[in-house]
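Participant: What follows is a structure written as structure tokens; I'll ask about it next.
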Amino acid sequence: MTTPSPHPYAALTPDVALDALDSTGLKADGRLLALNSYENRVYQMGVEDAAPVVVKFYRPGRWSDAAIHEEHAFVTELAAREIPAVPPLVLNQATLHTHAGFRFAVYPKQGGRMPEFDRAGTLERMGRFLGRIHAVGATAPFTHRPTLDLESFGVASRDFLKRGNWLPADLAAAWDSVVEHALASVAHCYARAGDVRAIRLHGDCHVGNVLWTEDGPHFVDFDDARMGPAVQDLWMLLSGEREQQQAQITEILVGYEDFMAFDPRELHLVEALRTLRLLHYAAWLARRWDDPAFPAAFPWFNTQQYWQARILELREQIALMDEPPLVV
């Protein structure tokens, strides 16, 4: 029998991680705390005679150097305009570093807590800062990062799962049918929305990527930054029943439109983007299953119950995509 090749992250031992920080000129003091990240490996590290830093080791093979530099440049541009995004530190005249075959970036530690969206004014403040981010994002395109669309998040996810035979045999036909129906519904949503503008986005603006302080939100982890419709950074802030989501989007847009005009046609895409994220997430777990961290962290993935629940979710999404959109 052949022994499977170890995952590349197996070589990222604590000593290697600490040595990587030393290679930038910052002197690690030996303190190392793994933070909650699976796509990349992220550590808080102590620094001698200085504040702790956060070091992100990029997943090998995911992004090109040029795409990572675009992420860094975008966040640095936001910070330069006093928008509360957290850019990487410039060390030795660079933001992207390499050590022992791993590419990494070093960030200042940013404190904060999860935002409480049920508190008065929180969503409006979130909208105000997202409007500022998008006003900058609309000034120029990414050239090395992809666009969030039906093909990249939907069709590619469907094809990857099908090629890998991830579905249990007794659920494969039901999955194939519901996915085709869901993708057709997503296409109809895009058709109803028309030719909406694609801008530079955070791309993954869920509550875990926002740290709230007395000064308001701080946006972190732009690793999924890409081109796409503005509403992609808004819909993940919505929750609850339709009436609740309607009130939430109204509050968000009160702040958002202080800085950036919102095209109401994009509201046709809310449930379509939610559907694409559902498909993309399932394919993401499958793509990363060779990383030992994933079976340990997501033991429920690829079980009979998992796929049954996803089929039900897609059926619910198909029904939601047939409903009228939220309104401005």
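Participant: Could you tell me which of the residues PHE117, PHE104 is surrounded by 14 or more Cβ atoms within 10 Å (Cβ to Cβ), under 30 Å from LEU26 (Cβ atoms), touching a residue at least 40 places away in the same chain (Cβ under 8 Å) and in contact with a helix residue (DSSP H, G or I) (Cβ under 7 Å, 6 or more places away or on another chain)?
Facilitator: Numbers: PHE117 fails: under 30 Å from LEU26 (Cβ atoms).
Just a single option satisfies the conditions, and that option is PHE104.
Participant: In addition: Which condition number does ALA282 fail, the rest of (1) closer than 23 Å to VAL196 by Cβ; (2) surrounded by 21 or more Cβ atoms within 10 Å (Cβ to Cβ) being met?
Facilitator: Evaluating ALA282 over (1) closer than 23 Å to VAL196 by Cβ; (2) surrounded by 21 or more Cβ atoms within 10 Å (Cβ to Cβ) leaves (1) as the failure.
Participant: Continuing with the same structure: For the range 185-223, give me each residue that is of a type in the set (Lys, Arg) and either closer than 19 Å to HIS134 by Cβ or free of Cβ contacts under 8 Å to residues at least 12 places away in the same chain (or both).
Facilitator: Within the range 185-223, ARG197, ARG200 qualify.
Participant: To continue, here is another question. Quick check: is even one residue across the range 6-26 touching a helix residue (DSSP H, G or I) at 6+ places or on another chain (Cβ under 6 Å), outside the structural domain of ALA140 (by TED's automatic domain parsing) and of a type in the set (A, V, I, L, M, F, W, C)?
Facilitator: No, every residue in the range 6-26 fails to be touching a helix residue (DSSP H, G or I) at 6+ places or on another chain (Cβ under 6 Å), outside the structural domain of ALA140 (by TED's automatic domain parsing) and of a type in the set (A, V, I, L, M, F, W, C).
Participant: Go through the range 228-254 and give me each residue that's outside any loop (DSSP other than H, G, I, E, B) and buried (at least 21 other Cβ atoms within 10 Å of the Cβ).
Facilitator: Filtering the range 228-254 down to residues outside any loop (DSSP other than H, G, I, E, B) leaves 228, 232-235, 242-254.
Correct list: GLY228, GLN232, ASP233, LEU234, TRP235, GLN248, ILE249, ILE252, LEU253.
Participant: Looking at the range 15-31, can you tell me whether even one residue there is touching a Phe, Trp or Tyr at 6+ places or on another chain (Cβ under 8 Å), under 24 Å from LEU201 (Cβ atoms) and either modelled with pLDDT under 95 or not aromatic (Phe, Trp, Tyr) (or both)?
Facilitator: No, every residue in the range 15-31 fails to be touching a Phe, Trp or Tyr at 6+ places or on another chain (Cβ under 8 Å), under 24 Å from LEU201 (Cβ atoms) and either modelled with pLDDT under 95 or not aromatic (Phe, Trp, Tyr) (or both).
Participant: Okay, next question. Can you go through SER177, SER185, SER157 and tell me which one is within 30 Å of HIS72 (Cβ to Cβ), of a type in the set (Gly, Ala, Ser) and in a helix (DSSP H, G or I)?
Facilitator: That would be SER157, the only listed residue that is within 30 Å of HIS72 (Cβ to Cβ), of a type in the set (Gly, Ala, Ser) and in a helix (DSSP H, G or I).
Participant: For the range 303-328, enumerate the residues that are surrounded by fewer than 17 Cβ atoms within 10 Å (Cβ to Cβ) and among the polar types (S, T, N, Q).
Facilitator: Answer for the range 303-328, where residues must be surrounded by fewer than 17 Cβ atoms within 10 Å (Cβ to Cβ) and among the polar types (S, T, N, Q): THR303, GLN304, GLN305, GLN308.
Participant: Now for a different question. Of the residues ALA272, ALA297, which single one is touching a helix residue (DSSP H, G or I) at 6+ places or on another chain (Cβ under 6 Å) and among the small types (Gly, Ala, Ser)? It would help to see each step written out before you state the result.
Facilitator: Working: ALA297 fails: touching a helix residue (DSSP H, G or I) at 6+ places or on another chain (Cβ under 6 Å).
Selected residue: ALA272, the only one of ALA272, ALA297 that is touching a helix residue (DSSP H, G or I) at 6+ places or on another chain (Cβ under 6 Å) and among the small types (Gly, Ala, Ser).
Participant: With respect to ALA156, determine if the residue is over 21 Å from SER64 (Cα atoms) and modelled with pLDDT of 95 or more.
Facilitator: In short, no.
Rundown of residues vs (1) among the hydroxyl-bearing types (Ser, Thr, Tyr); (2) out of contact with any Phe, Trp or Tyr (no Cβ under 8 Å at 6 or more places or on another chain); (3) more than 16 Å from ARG226 (Cβ to Cβ), yes/no style:
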| site | (1), (2), (3) |
| --- | --- |
| GLU116 | no, no, yes |
| GLY121 | no, yes, yes |
| GLY131 | no, no, yes |
| PRO141 | no, yes, no |
| LEU150 | no, no, no |
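Participant: If you don't mind, there's one more thing I want to ask. Within the range 121-139, does at least one residue satisfy the condition of being of a type outside the set (Gly, Ala, Ser), buried (at least 17 other Cβ atoms within 10 Å of the Cβ) and assigned to a loop (DSSP other than H, G, I, E, B)?
Facilitator: Checking the range 121-139: not a single residue is of a type outside the set (Gly, Ala, Ser), buried (at least 17 other Cβ atoms within 10 Å of the Cβ) and assigned to a loop (DSSP other than H, G, I, E, B).
Participant: So in the range 159-184, with the set limited to residues that are without any contact (Cβ under 8 Å) to a residue 12 or more places away in the chain and over 18 Å from MET321 (Cα atoms), which one is surrounded by the fewest Cβ atoms within 10 Å (Cβ to Cβ)?
Facilitator: Among residues in the range 159-184 that are without any contact (Cβ under 8 Å) to a residue 12 or more places away in the chain and over 18 Å from MET321 (Cα atoms), the one surrounded by the fewest Cβ atoms within 10 Å (Cβ to Cβ) is ALA169.
Participant: Please work out which residue is modelled with the lowest pLDDT, limiting yourself to the range 191-227 and to residues that are under 15 Å from ARG277 (Cα atoms) and in a loop (DSSP other than H, G, I, E, B).
Facilitator: Step by step, filter the range 191-227, then rank; the result is HIS206.
The values are calculated or read from the model by the stated rules, or taken from the named source; none is laboratory data. Nothing here was measured: the structure is a model prediction, and the numbers come from that model. As a convention, Cβ positions derive from the backbone with ideal geometry for all residues, glycine included, and neighbour counts pool all protein chains shown.
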